[in-house]
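The values are calculated or read from the model by the stated rules, or taken from the named source; none is laboratory data. Computed from a prediction, not measured in an experiment: that's the story for all the values here. Note that each Cβ is placed from the backbone with ideal geometry, even for glycine, and that neighbours are counted across all protein chains shown.
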Amino acid sequence: MGGKLFKNFSFFSATLSFFILVGIFSILFSYAQDSLHEFGFDFLGSEVWEADEDDEELGVFGGYIPLVGTMLSTVIAMVIATPLAMGIAIFLTEIAHKTLIKPVSIAIELLAAIPSIIYGMWGLFYFAPIMQSAFGGNGVGLLTAGVVLAIMIIPFMAAITRDSMNTVPDVLKESAYAMGATKFEVIKDVIMPYSKGGIIGSIILALGRALGETMAVAFLIGSVMQIPNKVTDATTSIPVLLANNFSEAEGLEMSSMYYLALILFVVSFAIISIAKFYFLGKKVK
Amino acid sequence: MTFSKLLTTALVATVTLTATNADELKGRGASFPGPVYKAWTADYFKATKNQINYTPTGSGDGIKSITKRMVDFAGSDKPLKPKALKKKKLFMFPAVVGSIVLAYNIDGVKDGELKLSRAAVAAIFSGKATNWDDEVIAKENKDLKLPHEPITIAVRADKSGTTFNFTYFLNQLDDSFKVSKKPTWTAPKVVAGKSNSGVSANIQQIKNSIGYIEYSFKEKLGLPAAQVENKEGKFINPTLESFQDAAKYAEWTADQDFYAVIGDPKGETSYPIVAATFILLPTEKVDTNKKVTKFFDWAFANGDKSASDLGYVPLPKETKDAIRKYWETKGIK
């Protein structure tokens, strides 16, 4: 009796998450209909975002700027975070002394636990002025957002990469050393190829997180509807635009924001599926 | 016996409690008057034990939620035209006057030292003047050392009644500015922040920036703000007195549901960037409307001091009387 109950309960929980996923997708899709009909795929290339002054139900909306802003801030974050995270993982698995491994691991895991609003505030009040004196510009802008995003995703990447590097069998490493390989050669030719799946998986998962980050980026990207000419220019991203405009939007603008949300949903979903099914899955086999 | 008695008492108590709670009035909308409404509702509760809940979510949200009848009353910094009011079946009246200051962050320039002519304000926010030592700004500030640095303007990222009232003022200076809750800014260096606090934070952080914020934020954060040239060509510091002088010139009439944007008023001593904030009521809900007007009647009579303390300007007496009369003619007093 109890066993059956438990079985039903866990089955229910499992299917529930599936239905929530499908439910969210269909809501986004149906609410985005007005905008999809009005603008179609031109939406992706249009730079205007202006509600009509007389009738707030109408207006012209395009998603090009937030799309570009999202991609650029993510690219900056990935370029900075990937080598650093790899370094951390290699240090923790191969180089660090036993007494160091634990404190560094804990520090990294704590970094992952900090809520994004804290990164946003720290970034705006402390980090942005530093960026301004170093690179010019306004302090807030694409580069500052990208760098803080990098700091936010490093722990994820480092932790997953470390775990996958830890799965390299000692026999392989020891044989390489026995052949006279240096530490660098072991890392390059044994550990990296063996844990490739996990490393790529961690990069893609971090990418998914960087794409959807809202609060910290909203503080730091400047929230201006413009194509950035320099890396220090202010621009906007999809989640930031949604967060800033949701409470006030009506009609077509609201529908256009659902359209943007749908784009973000599909992109993140695709990225995480690729990571899960292709790279992380391979490692298990 | 005693137990069931206890249960009954508890039940009665719960019912009465829920009943009083159900009596509370709910409002939301404009964040500009948020602090003063909060003070008024708290004092009103102390005086009358009537609970009024106001959530400052933004003017647009206020209009939306009162149109859908989700709340008992709404606040909006943007007055609705009589035609729109009719369509949405709403009453409207002003509640309090506030002001918008131009706060800046320039090394060595203290509060009230920077003088901005009407031409300078227009040039800065249109992007025609890109550096602080531009001729149009420097002309009025011969005694200040303005840096040869680019100007960053700090604006709102969200749609806002504050922006609406500020662009209304800009439009009076130069009609190429569009009056809008969220315009497209043409200046080269723009940084947007969410709500007054976001814009204030940007001004504090970014050197050589200038932005428009509500007066109470300037006071709270101690930001330096500029003297602005008014309609009569006088440079006026943003102070409660100069706001009061400005409010006198507002032309409100009950037959238009008090529709008026009061920015850029006449008067030699008027601070030019002032704004009224409005209350919206659903026409068909007579009973709750009476409770709302009772609250505002009380606030008009007893709330002037707390409003001035917070940096707002109470409505002139004649306007308050006109509003009371408006309530009577609409049968909601």
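Within region A:186-222, track down each residue that is hydroxyl-bearing (Ser, Thr, Tyr) and surrounded by fewer than 24 Cβ atoms within 10 Å (Cβ to Cβ). Let's see the steps before the verdict.
Just the residues of region A:186-222 that are hydroxyl-bearing (Ser, Thr, Tyr), to begin with: A:194-195, A:202, A:214.
Passing the criteria: A:194, A:214.
Can you name the residue in region A:266-285 that is exposed (fewer than 13 other Cβ atoms within 10 Å of the Cβ) and of a type in the set (A, V, I, L, M, F, W, C) and is also modelled with the highest pLDDT among such residues? Reasoning before the result, please.
We begin by selecting, within region A:266-285, every residue exposed (fewer than 13 other Cβ atoms within 10 Å of the Cβ); these are A:270, A:273, A:277, A:281, A:284-285.
Those still in the list that are of a type in the set (A, V, I, L, M, F, W, C) too: A:270, A:277, A:284.
On the way: A:270: 88, A:277: 80, A:284: 45.
The qualifying residue modelled with the highest pLDDT is A:270.
Report, by residue number, each residue of region B:83-94 that is of a type in the set (A, V, I, L, M) and either out of contact with any helix residue (DSSP H, G or I) (no Cβ under 7 Å at 6 or more places or on another chain) or assigned by TED's automatic domain parsing to the domain that holds residue B:125 (or both).
B:84, B:85
Every residue in region B:66-85 that is part of a helix (DSSP H, G or I), modelled with pLDDT under 90 and more than 10 Å from chain A (Cβ to nearest Cβ), please.
Those that are part of a helix (DSSP H, G or I), modelled with pLDDT under 90 and more than 10 Å from chain A (Cβ to nearest Cβ): B:82, B:83.
From the set of residues in region A:10-65 that are among the small types (Gly, Ala, Ser) and touching a helix residue (DSSP H, G or I) at 6+ places or on another chain (Cβ under 8 Å), which is nearest to the other protein chains (Cβ to nearest Cβ)? Full working, then the answer.
Kept after step one, since they are among the small types (Gly, Ala, Ser), are these residues of region A:10-65: A:10, A:13-14, A:17, A:23, A:26, A:30, A:32, A:35, A:40, A:45-46, A:51, A:59, A:62-63.
Next, only the ones that are touching a helix residue (DSSP H, G or I) at 6+ places or on another chain (Cβ under 8 Å) stay: A:32, A:35, A:45-46, A:51, A:59, A:62-63.
Values: A:32: 19, A:35: 18, A:45: 18, A:46: 14, A:51: 7, A:59: 11, A:62: 13, A:63: 16 Å.
Looking at residues that are among the small types (Gly, Ala, Ser) and touching a helix residue (DSSP H, G or I) at 6+ places or on another chain (Cβ under 8 Å), I get A:51.
Of all residues in region B:195-238 being over 22 Å from residue B:161 (Cα atoms), within 14 Å of chain A (Cβ to nearest Cβ) and in contact with a Gly (Cβ under 7 Å, 6 or more places away or on another chain), which is surrounded by the most Cβ atoms within 10 Å (Cβ to Cβ)?
It comes out as B:206.
So, in region B:244-277, how many residues would count as being assigned to a loop (DSSP other than H, G, I, E, B) and of a type in the set (S, T, N, Q)?
Residues in region B:244-277 being assigned to a loop (DSSP other than H, G, I, E, B) and of a type in the set (S, T, N, Q): 3 in total.
Among the residues of region A:136-150, is there at least one that is away from chain B (no Cβ under 12 Å) and modelled with pLDDT under 90?
Scanning region A:136-150, I find no residue that is away from chain B (no Cβ under 12 Å) and modelled with pLDDT under 90, so the answer is no.
Could you run through region A:169-183 and say how many residues are among the acidic types (Asp, Glu) and surrounded by 13 or more Cβ atoms within 10 Å (Cβ to Cβ)?
Taking region A:169-183 first, the residues among the acidic types (Asp, Glu) are A:170, A:174.
Remaining after also requiring surrounded by 13 or more Cβ atoms within 10 Å (Cβ to Cβ): none.
The total comes to 0.
In region B:299-323, how many are closer than 27 Å to residue B:86 by Cα and surrounded by 15 or more Cβ atoms within 10 Å (Cβ to Cβ)?
8
Scanning for something at pLDDT 90 or above, more than 14 Å from chain A (Cβ to nearest Cβ), buried (at least 18 other Cβ atoms within 10 Å of the Cβ) and more than 23 Å from residue B:77 (Cβ to Cβ), does region B:169-190 turn up at least one residue?
Within region B:169-190 (the criterion being at pLDDT 90 or above, more than 14 Å from chain A (Cβ to nearest Cβ), buried (at least 18 other Cβ atoms within 10 Å of the Cβ) and more than 23 Å from residue B:77 (Cβ to Cβ)), the answer is no, since none of the residues qualifies.
Of the residues that make up region A:113-126, is at least one over 20 Å from the mean Cα position of the chain (by Cα), part of a helix (DSSP H, G or I) and modelled with pLDDT under 90? Talk me through it step by step, then tell me what you get.
Going through region A:113-126, the residues over 20 Å from the mean Cα position of the chain (by Cα) turn out to be A:125-126.
Still in the list and also part of a helix (DSSP H, G or I): A:125-126.
Right, trim to modelled with pLDDT under 90 and you get A:125.
The answer is yes, given that some residue of region A:113-126 is over 20 Å from the mean Cα position of the chain (by Cα), part of a helix (DSSP H, G or I) and modelled with pLDDT under 90.
Just give me the residues in region B:278-333 being under 17 Å from residue B:69 (Cα atoms), touching a residue at least 60 places away in the same chain (Cβ under 8 Å) and in a helix (DSSP H, G or I), in sequence order.
B:288, B:289, B:291, B:292
For region B:133-142, does any single residue satisfy the condition of being at pLDDT 90 or above and within 14 Å of another protein chain (Cβ to nearest Cβ)?
No, region B:133-142 contains no residue that is at pLDDT 90 or above and within 14 Å of another protein chain (Cβ to nearest Cβ).
For residue A:144, only one of the following conditions fails: (1) crowded, with 19+ Cβ neighbours inside 10 Å; (2) within 22 Å of residue A:272 (Cβ to Cβ); (3) of a type in the set (Val, Ile, Thr). What is its number?
Failed condition: (2).
So for region A:223-232 (the condition being at pLDDT below 90, part of a helix (DSSP H, G or I), facing chain B (nearest Cβ under 10 Å) and surrounded by 21 or more Cβ atoms within 10 Å (Cβ to Cβ)), does at least one residue qualify?
No: zero hits.
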